[in-house]
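Each remark here refers to the structure printed beneath this line.
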Amino acid sequence: MTEAKRLTAPVPPGGTIGILGGGQLGRMLVLAAARLGLKAHVFSDKSDSPAFDVACAHTAASYTDRAALARFAAACDAATFEFENIPADTAAFVAERVALSPGARSLAMTQDRAVEKNFILSLGLQTPAFAEISTEADAGPAVSRIGTPAVMKTRRFGYDGKGQAKIDTADDAVEAFAGFHHAPSILEGFVDFAFEASVIAARARDGDFVVYDPPTNVHENHILRRSTVPSKLDAAQVSRARMIAHRIADGLDYVGVLAVELFVCRDGSLMVNEIAPRVHNSGHWTMDACLVSQFEQHIRAIAGWPLGSPERHADAVMENIIGEEAADWHKLSESCGALHLYGKKERKPGRKMGHITRLGPKTLPQI
Ligand code: AMP
């Protein structure tokens with residue numbers, strides 16, 4: 001077996017960062033790496049990946065193509081991924097050859113909703129009540145235990161509301177489980193939250209930790225519509241959100257940027273909805289409103305550089321541009337906002353095509 005290239009010193013300018021996944025997150029990571037004088041090599045199984053357009057090198061191959069993965073790892077000084085559904089075998093194979101951050105444990109803990117929720121509980125943090133559904137016979141007892149309304153979610157491979165169904169009766173649960181082709185799932189109590197928020201943080205190899213101001217997030221059809229900073233969280237909730245992210249990052253011995261999605265309950269408590277082991281859509285405003293964006297922060301962490309300042313110099317509202325909305329690019333380009341388009345060739349319903357961030361003078365958070 002090849003000896004893994006260990007990261008004993010920071011990757012210097014001119015070095016190459018490998019990125020598994022070629023979507024918009026990969027594209028923005030590549031651009032951030034370029035700002036630091038680093039090159040990027042993107043690996044994706046889709047030949048029209050948006051990140052390919054901006055990377056110095058790319059590999060279009062299956063995530064199971066070992067020869068291609070070995071060549072990719074040999075060409076990189078440090079590597080990362082931009083989506084958490086990368087097969088565990090692929091991550092392990094790459095990690096045997098080049099320093100991969102976040103590591104295998106972070107990936108394993110966040111790929112499976114049941115494992116992730118048990119981890120959150122083990123840290124003494126709150127998450128919605130849940131029951132595992134592995135066979136059809138589990139559906140009825142899960143509904144009795146959790147109550148209704150509830151949400152059924154596949155344990156793996158869900159995003160933007162995919163692999164989710166609202167449940168009002170035991171029959172709904174049986175039907176939804178069949179609709180998921182009996183994929184292992186969880187039934188989660190429906191949370192009548194006041195609003196949603198998230199916290200985006202970065203942890204370095206030496207444990208150094210920085211956190212951005214948490215935004216308020218609004219979803220439409222399970223897809224993020226808008227993130228706003230400052231958020232509706234009060235000062236105590238902001239401290240608690242930071243503590244939650246810190247505890248999770250330390251618990252995973254995490255390296256890189258991570259996002260924690262939160263439900264802000266009507267009694268003011270914070271529940272962890274999910275952990276994303278990567279840069280996150282609700283942190284895109286950091287590109288225009290902070291000294292160092294979440295993308296640059298991630299590159300710094302995984303390349304062994306010191307973390308940068310997460311300080312915010314403006315208030316910001318980030319709106320996603322979804323599906324056909326991108327046809328209005330000309331009009332959007334005339335408005336007073338920082339426009340980011342991802343270079344995706346086809347507009348499809350629900351597809352994130354870009355985002356626009358509007359800035360205002362920095363105000364103090366509401367107390
Ligand atoms: P997820 O993929 O789990 O982040 O879910 C996407 C969105 O669906 C969340 O941001 C919420 O708006 C909504 N959602 C998910 N789970 C629940 C729940 N247990 N109760 C209420 N809303 C939920």
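Multiplying the residue separation of Gln126 and Lys348 by 0.36 nm and subtracting their alpha-carbon distance yields 76.3 nm.
Under the 0.36 nm per residue contour assumption, what length would be gained going from the current alpha-carbon distance of Phe157 and Arg145 to full extension? Can you show the working numbers first?
Numbers: separation 12, 0.36 × 12 = 4.32 nm, distance 2.48 nm.
Answer, rounded to one decimal: 1.8 nm.
Its relative contact order, with pairs defined as Cα atoms under 8 Å and 6+ residues apart, puts the chain at 15 percent. If you take every residue apart from Thr216 with its C-beta less than 10 Å away from the C-beta of Thr216, what net charge results, scoring Lys and Arg +1 and Asp and Glu -1? Residues close to Thr216 contribute a combined charge of +1. Given +1 at the Cβ of Lys and Arg, -1 at the Cβ of Asp and Glu and no other charges, the dipole of region 129-189 around its Cα centre is 260 debye to the nearest 20.
Excluding Leu262 itself, what net charge comes from residues whose Cβ is under 10 Å from its Cβ, given Lys and Arg +1 and Asp and Glu -1? So the surrounding residues net to -2. Using the Cα centre of region 193-361 as origin and beta-carbon charges of +1 (Lys, Arg) and -1 (Asp, Glu), tell me which of Ala314, Met243, His330 is placed farthest towards the positive end of the dipole. The Cα lying farthest towards the positive end belongs to His330. If you average the C-alpha positions of region 123-187 and of region 295-313 separately, how far apart do those two centres end up, in angstrom? That distance is 37 Å.
Over region 16-100, what is the mean sequence separation of C-alpha contacts under 8 Å (at least six apart), divided by residue count, expressed as relative contact order in percent?
Values: 161 pairs, mean separation 28.5, N = 85.
Relative CO of region 16-100 lands at 34 percent.
Of the residues Met271, Val292, Ala108, the one whose Cα sits farthest towards the positive end of the charge dipole of the chain is Val292 (charges of +1 on Lys and Arg Cβ, -1 on Asp and Glu Cβ, taken about the Cα centre).
What's the extension gain from Asp267 to Asp253 if we count 0.36 nm per residue and subtract their Cα-Cα distance? List each step's numbers first, then the result.
Working: separation 14, 0.36 × 14 = 5.04 nm, distance 3.13 nm.
Fully extending the segment from Asp267 to Asp253 adds 1.9 nm.
Mean projected area of the convex hull spanned by the Cα atoms of the chain, taken over all viewing directions: 18.3 nm².
When ligands, DNA and RNA are left out and all protein chains stay put, how many square angstrom of accessible area per residue does the chain have with a 1.4 Å probe? Provide the component values of the computation, followed by the final result.
Details: 15610 Å² over 367 residues.
Spelled out: the 1.4 Å probe surface of the chain, per residue, equals 43 Å².
For Leu307, the shell of other residues with beta-carbons less than 9 Å away shows a net charge of +1, using +1 for Lys and Arg and -1 for Asp and Glu. Return the whole-Å distance between the Cα centroid of region 61-89 and the Cα centroid of region 241-270. Each part's Cα centre sits 28 Å from the other's.
Of the heavy-atom accessible surface of the chain (probe 1.4 angstrom), what whole percent is carbon and sulfur?
Roughly 53 percent of what the probe reaches on the chain is carbon or sulfur.
Using Cβ point charges alone (K and R +1, D and E -1), the dipole size of region 193-361 about the Cα centre works out to roughly 300 debye.
The values are calculated or read from the model by the stated rules, or taken from the named source; none is laboratory data. Being a predicted model, the structure only gives us computed values, none of them experimental. Reconstructed Cβ throughout: ideal geometry from the backbone, glycine too, with neighbour counts over all protein chains shown. Heavy atoms of the whole protein, side chains included, go into the accessibility calculation; ligands, DNA and RNA do not. Shrake-Rupley method; radii C 1.70, N 1.55, O 1.52, S 1.80 Å.
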